[in-house]
1. Of all residues in segment 452-481, count the ones that are of a type in the set (Ser, Thr, Tyr) and either surrounded by fewer than 22 Cβ atoms within 10 Å (Cβ to Cβ) or in contact with a Leu (Cβ under 8 Å, 6 or more places away or on another chain) (or both).
2. For residues that are among the charged types (D, E, K, R), free of Cβ contacts under 8 Å to residues at least 40 places away in the same chain and assigned to a loop (DSSP other than H, G, I, E, B), tally how many sit in segment 158-211.
3. I'm told Glu96 meets every condition in (1) surrounded by fewer than 17 Cβ atoms within 10 Å (Cβ to Cβ); (2) under 35 Å from the mean Cα position of the chain (by Cα) except one. Can you identify the failing condition by its number?
4. Among the numbered conditions (1) outside the structural domain of Gly323 (by TED's automatic domain parsing); (2) of a type outside the set (S, T, N, Q); (3) at negative phi, tell me where Val270 comes up short.
5. State which residue is nearest to Met294 (Cα to Cα) when the search covers only segment 210-262 and only residues that are among the small types (Gly, Ala, Ser) and surrounded by 14 or more Cβ atoms within 10 Å (Cβ to Cβ).
6. How about segment 540-602: which strands (runs of 3 or more DSSP E) wholly inside it have at least 2 residues that are among the β-branched types (Val, Ile, Thr) and in contact (Cβ under 8 Å) with a residue 24 or more places away in the chain?
7. Would you mention how many residues in segment 101-120 are more than 22 Å from Trp80 (Cα to Cα) and not in a loop (DSSP other than H, G, I, E, B)?
8. Please find, within segment 279-314, the residue that is surrounded by the most Cβ atoms within 10 Å (Cβ to Cβ) out of those that are more than 23 Å from Leu498 (Cα to Cα) and touching an Asp or Glu at 6+ places or on another chain (Cβ under 6 Å).
Amino acid sequence: MPGVFAEATLTPTEILAGDSDEFVIRLVAGPDYPDQPTRIVLDFMGMLGTSCVTAECNEESGYVEAYVTNPEITWTRRCWSVDRQCFAEQGDRPREGQRMLVLDLSAGIVEGDVIEVHWGETLGGFGPGAKATIVVPRPDFEAFIDVRFFADQEEGVPDLARSFVGYDRPEPDECVRLTYRVKPREVKRLRLIRQVEGARLIPFDRFWNVAEVAELPAVAEADDAATRHAEGVFTFARSDVQVTSRELPITQTPRMDDVLDGYNLYWGDVHTHSMYSCDCFTRAALDMTPGDLMVFARERAGLDYYAVADHHDCSGREENKIGRERWEATLADVSEHSRPGEFVVFPGIEYRATQERLDGQPSQMRGDTAIVFNYQPDYDEINQVELQDMRAVWEVLAGRDFMSIPHFHGPGNLPEGVWWVPEDMRYEPVLEIHSDHGSYEREDVLENGRAMCKHFREDRCAVWLLQQGYRYGFVANSDDHKGHVGVNGVTAVFARELTGDAIFEAYRARRVYGTTNARLRLIFTGNDQLMGSVVPNDPTKRLRIEATGESTLKRVDVFRNGEQFESFRPDGISFSTEMQVREDEPSNWYVRVTQQDNHIAWSSPIWFE
């Protein structure tokens, strides 16, 4: 219906990440605006930190007010929750899924009438405005607000935010996308990441965005030539480059090449989400494709390997599936961006069985699990109705090159004390001890603990499984849903080369350790065998620990059978010690290293059996 709006504008058109402002959407009625009750649905992007729209409380960030110049017009404004699939009621607190404003207007609007929506209404200095996202995932990033016009006031909702098999999203009579650029803030700190080949210096703003720095001499000096990439990161050919900051704080990772017996350390994040995940799109309108995230992971996060694991409920409702078209697009992105020796990318999904199976029977769910493939399965392979729970996944996919990684924020509904594992633990060699949901090492944790809203079961943490006799290595992933991959959880692997086969072999041997984000170099051996090993029991157990952090180390804790055995107080950025423990009983051991900035590394255990 062209001509419904003669003009549609948004101010401001530019804002710094994390800033608050009053956003004004101004719509001028055109000659074809119908003389009848109409509906305008404003769909707001809700990436990390963005204010949700609300009409509940005028002291809330994101409070919405409407203005109409024609005094004969009346209207109602209501906030629609995609998560709950209903309008917000009195007393509702806005959550991520509350991202739409529905404005119902009476008949009588004529050409030239102005309809304004003020998102973050400041009410003459009383309201706090609306906050822009803190994430700037690419240099040209623009957030958006979609203006969806419906001539029939009975249409437009319910709105599930996207179409999928069995459901078509309401089609507006006219849709206008209004955009505003979100820019990174000023540079606040520098981080030098040393990789096996070369190094990169990242100028970060306060929110871990890449700040805009045109030339290296503006912030630092280096003894090697720097190349500035399009993503704003400075790269060096030498991994041993020496960089001196002019004024800003700087952290530097230790070297990662040939750290022990010819092994290098490679860093990755294999549990992340793109716009192809149902919750990312419905809650936040995330616009990052898997390919976009792969660029971010390599250039901005400085990762060596990476996987997108979008949500996919193999046997459940269609809205919870990735879908054939998006899966094939994911595989195409993997093929385009994966370059062995430089940057390795794996396809993956996050598996969760539905609460109720399609046959009407109640489902047994072990909990959320990332599944990563070292090959490219077609859609029919990952979408089999037989994949009713994790036991079926292991059975159906047996013999293929994949691994599953349990994630404890979604704990499942198995009875207390019940846990499933595959018959062949090569299919599930590690567990996710940390993600952006916090630490799942044990129930009581200090640094990088869990927020109160996070799910926790005592029998869904690393120590409980260790004490039950299960052999898992410890890894960390971000579980990012907001375009900030490789920030809130990364894993180091000991491998001789950067290939998919070498990375998978390291995971299956449990030669891995997880960190909250710090590129902390950690070597832990037992009787000269590297972390992850099963060592013949010996009455003399020789434990060696070497740790070098990005900042000063606060403590090094040693655990025997899941309980604290020894604690050290390092003095400086590095620590090393050898312990000799005399005992006849079999036991398992792991190490936790904590920096003064609260960043943590957890080694995989060593089992003396």
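1. Within segment 452-481, the subset of a type in the set (Ser, Thr, Tyr) is 470, 472, 478.
Remaining after also requiring either surrounded by fewer than 22 Cβ atoms within 10 Å (Cβ to Cβ) or in contact with a Leu (Cβ under 8 Å, 6 or more places away or on another chain) (or both): 470, 472.
Residues in segment 452-481 being of a type in the set (Ser, Thr, Tyr) and either surrounded by fewer than 22 Cβ atoms within 10 Å (Cβ to Cβ) or in contact with a Leu (Cβ under 8 Å, 6 or more places away or on another chain) (or both): 2 in total.
2. First pass over segment 158-211, keeping only residues among the charged types (D, E, K, R): 159, 162, 168-169, 171, 173-174, 177, 181, 183, 185-186, 188-189, 191, 194, 197, 200, 205-206.
Right, trim to free of Cβ contacts under 8 Å to residues at least 40 places away in the same chain and you get 168-169, 171, 177, 186.
Restricting the remaining residues to those that are assigned to a loop (DSSP other than H, G, I, E, B) gives 168-169, 171, 186.
Of the residues in that region, 4 qualify.
3. The failed condition is (1).
4. Every condition holds for Val270 apart from (1).
5. From segment 210-262, those among the small types (Gly, Ala, Ser) are 211, 214, 218, 220, 222, 225-226, 230, 232, 237, 239, 245, 262; that's our starting set.
Now narrow it down to the ones that are surrounded by 14 or more Cβ atoms within 10 Å (Cβ to Cβ): 211, 220, 222, 226, 232, 239, 245.
Values: Ala211: 19, Ala220: 28, Ala222: 28, Ala226: 22, Gly232: 16, Ser239: 22, Ser245: 29 Å.
Here the residue is Gly232.
6. 540-548, 553-560, 574-582, 587-595
7. Step one: filter segment 101-120 for residues more than 22 Å from Trp80 (Cα to Cα), giving 107-114.
Restricting the remaining residues to those that are not in a loop (DSSP other than H, G, I, E, B) gives 114.
Result for segment 101-120: 1.
8. Ranking the candidates gives Arg283 first.
The values are calculated or read from the model by the stated rules, or taken from the named source; none is laboratory data. All of these numbers come straight from a predicted model, not from anything done at the bench. Here the Cβ is made from the backbone with ideal geometry for all residues, glycine too, and neighbour counts use every protein chain on show.
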